[in-house]
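These notes are about the structure you will find just below.
The values are calculated or read from the model by the stated rules, or taken from the named source; none is laboratory data. Only a predicted model underlies this, so the values are computations on that prediction, with no experimental measurement involved. Cβ placement follows ideal geometry from the backbone for every residue including glycine, while neighbour counts extend to all protein chains displayed.
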Amino acid sequence: MSVATVIRQINSIRPRILSVFRLRKFCSGESASSGDDKKGIILGVYEVDNELVFTKAAQKFNDHVGGKLMEMVKKAGKTVKRGKARVFNNIDREFWAVAVVGLGPEKAGYNEMEAIDEGMENVRVAAGIGAQVLRHQGVDRILVEGMGFPEQAAEGSALALWRYQENKMRENQKKTPTLELFDDPDGESFQRGLFKAESQNLARRLSDTPANQMTPLHFAQETVNELCPCGIKVQVHDKDWIEQKKFSAFLTVARGSCEPPVVLEISYCGGPNDQKPILFCGKGITFDSGGLCLKQCKGMDVYKADMCGAAAIIAAIRAASALSLPLNIEAVIPLCENMPSGMAMKCGDIVMGMNGKSIMITDTDNEGRLILADAMVYGQGIYKPRLVIDVASLTPGVRSALGSSASGVFSNSQTMWSQVRKAGVITGDRVWRLPLWKFFTKKVTRFKSHDVNNKGLGQGSSCLGAAFLNEFINCVDWIHFDVTGVGFRSNHKVTPYYTKGRMTGRPTRTLIQLLYQLSCPSEGQREL
């Protein structure tokens, strides 16, 4: 069967998916629980003047059980401090287990030095730890109190419960507990948090799937399956279309692999027809061997997630639809593998970018900027966007500089950077601005034989990568996320609600929050 036939089949199933959308639950936590399920509950406790003080919901529960919960918490002492949890059994007949989680200071808020809202993050961490300990107790149904931030409580608990187990035998797969809000009227915020977390979990699943199961065509199929039921238009383009549109740099990368390249065009129309869209471009390398500049074998398997930028964009667009954000979004996502072969690009090759600039390929492992260059030029020409956002695991330099603490962000707009920074503060998935100086532009453009070099001269690989991409931006606001440090495996248990050794799906929630701010600039925003 030809690639074109497969793509036609993918495109043809969209109406059928749309027709059954009403039968499908968006979040696993929405499913009904049977009366035989083991129930657990997560309750919060603050530290006030070295004393432990219950939240309102926890105090009501404590009164309900005749003060037994506080007695047991006092005996537990420091084990329920900030970021800790303690499980108590046989307190109430309704609940198999009660998890009391430490929230830290009662009035924690925005910390300028840490660039984070500590009150919100404390709730995420507490809810995540509580959900994990209850899961270990065999609880099937978890009730979570809002702890002052029900949206963040939903995010932390839903992220913490996620597992990647698609390749385990069905009988060996572990059931994921359902989540419900306890004793809080703000169910809308809790549901919004579930939408955001489940979208990020989608990005985690796409990133964690082995490369033989997540080829460009498989990624396209998953995109259709996830977005089309939401009424989002997805077009899947094959190699003939790509050649016709002259994606020369992209095809140069793709030709090293036997897997056919694909370009996705995605359209979400939530705003007026005359509103200029936001353009997303995501790096979609479904496996990156480094090409002829081969990576080390040890750890190469992690580069099945070199499409984590594209995955985060897919997830963010799905959340935008679920939240009915009033804006227009277009996305151009090039998908291929970067492999060594007799057809692979070679060091020293020169290709022509879609904007007419010649590009020398000095390092075949710097393939991401090549495929993004064509995608951004094409998207700007077709859609005339008001803002371009690209998300890519582009360089190891940003991982060396920031580790897993934050995404490196480059922008040519102070206003847009302020919005991104605010989004990172609110979500706890932080960002850090890096320089887009002419100093780096010169190091990728000052060559006698060609216009742009895909490696550049000297140190500062993340800045050189951004400077390269900037050569393909045409007088429009632009934000570049380099997510190499945050988008891959969570190898260090710094953030308790991410599963160690599994993909993170970051910065999905920061992208969603940014879209929310751009669509609803005056609603529900904390002043920072």
So which of Phe250, Phe219, Phe287 ends up being of a type in the set (A, V, I, L, M, F, W, C) and within 24 Å of Ala320 (Cα to Cα)?
Phe219
Hey, any hits in the range 355-376 for a residue that's surrounded by 20 or more Cβ atoms within 10 Å (Cβ to Cβ), among the β-branched types (Val, Ile, Thr) and in a strand (DSSP E or B)?
yes
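Residue by residue, here is whether (1) in a helix (DSSP H, G or I); (2) free of Cβ contacts under 8 Å to residues at least 40 places away in the same chain; (3) among the polar types (S, T, N, Q); (4) not assigned by TED's automatic domain parsing to the domain that holds Glu155 holds:
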position	(1), (2), (3), (4)
Gln380	yes, no, yes, yes
Ile389	no, no, no, yes
Gly397	yes, no, no, yes
Ser405	no, no, yes, yes
Ser418	yes, yes, yes, yes
Arg421	yes, no, no, yes
Phe440	yes, yes, no, yes
Val444	yes, yes, no, yes
Gly458	no, yes, no, yes
Got at least one residue in the range 96-106 being touching a strand residue (DSSP E or B) at 6+ places or on another chain (Cβ under 8 Å) and in a helix (DSSP H, G or I)?
no
Given (1) in a helix (DSSP H, G or I); (2) within 22 Å of Arg509 (Cα to Cα); (3) charged (D, E, K, R), number of the condition Glu180 does not satisfy:
(1)
Does the range 148-169 contain at least one residue that is among the acidic types (Asp, Glu), within 29 Å of Gln213 (Cα to Cα) and surrounded by fewer than 24 Cβ atoms within 10 Å (Cβ to Cβ)?
yes
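Answer yes if at least one residue in the range 305-324 is in the same structural domain as Ala466 (by TED's automatic domain parsing), surrounded by fewer than 24 Cβ atoms within 10 Å (Cβ to Cβ), part of a loop (DSSP other than H, G, I, E, B) and in contact (Cβ under 8 Å) with a residue 60 or more places away in the chain, and no otherwise. If you could, list the steps in order and put the result at the bottom.
As a first pass, look at the range 305-324 and keep what is in the same structural domain as Ala466 (by TED's automatic domain parsing): 305-324.
Going one step further and asking which of them are surrounded by fewer than 24 Cβ atoms within 10 Å (Cβ to Cβ), we end up with 321-324.
Still in the running and part of a loop (DSSP other than H, G, I, E, B): 323-324.
From the residues that got through so far, the ones that are in contact (Cβ under 8 Å) with a residue 60 or more places away in the chain too are 323.
Within the range 305-324, one or more residues are in the same structural domain as Ala466 (by TED's automatic domain parsing), surrounded by fewer than 24 Cβ atoms within 10 Å (Cβ to Cβ), part of a loop (DSSP other than H, G, I, E, B) and in contact (Cβ under 8 Å) with a residue 60 or more places away in the chain.
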Mind listing just one residue for me: the one in the range 93-144 that is touching an Asp or Glu at 6+ places or on another chain (Cβ under 9 Å) and among the basic types (Lys, Arg) and, of those, surrounded by the most Cβ atoms within 10 Å (Cβ to Cβ)?
Arg124
Take Pro272 and decide whether it is crowded, with 17+ Cβ neighbours inside 10 Å and of a type outside the set (A, V, I, L, M, F, W, C).
no
Take the range 205-262 and flag every residue that is touching an Asp or Glu at 6+ places or on another chain (Cβ under 9 Å), closer than 20 Å to Ile317 by Cα, aliphatic (A, V, I, L, M) and not in a loop (DSSP other than H, G, I, E, B).
Leu206, Leu217, Val234, Val236, Val262
List the pairs whose first member sits in the range 63-79 and is without any contact (Cβ under 8 Å) to a residue 60 or more places away in the chain, whose second member is in a helix (DSSP H, G or I), and whose Cβ atoms are under 7 Å apart, counting only residues at least 6 apart or on separate chains?
Leu69/Phe61; Leu69/Asn62; Met70/Asn62; Val73/Val80
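Could you say which residue among Ile371, Ile329 is within 30 Å of Arg192 (Cα to Cα), modelled with pLDDT of 95 or more and β-branched (Val, Ile, Thr)? So that I can check it myself, show each step before the final result.
On the way: Ile371 fails: within 30 Å of Arg192 (Cα to Cα).
Sole residue among the options that is within 30 Å of Arg192 (Cα to Cα), modelled with pLDDT of 95 or more and β-branched (Val, Ile, Thr): Ile329.
Within the range 272-282, is even one residue on the phi > 0 side of the Ramachandran plot and in a loop (DSSP other than H, G, I, E, B)? Don't jump to the end; show me each part of the working.
Restricting attention to the range 272-282, the residues satisfying the condition of being on the phi > 0 side of the Ramachandran plot are none.
Scanning the range 272-282 turns up no residue that is on the phi > 0 side of the Ramachandran plot and in a loop (DSSP other than H, G, I, E, B).
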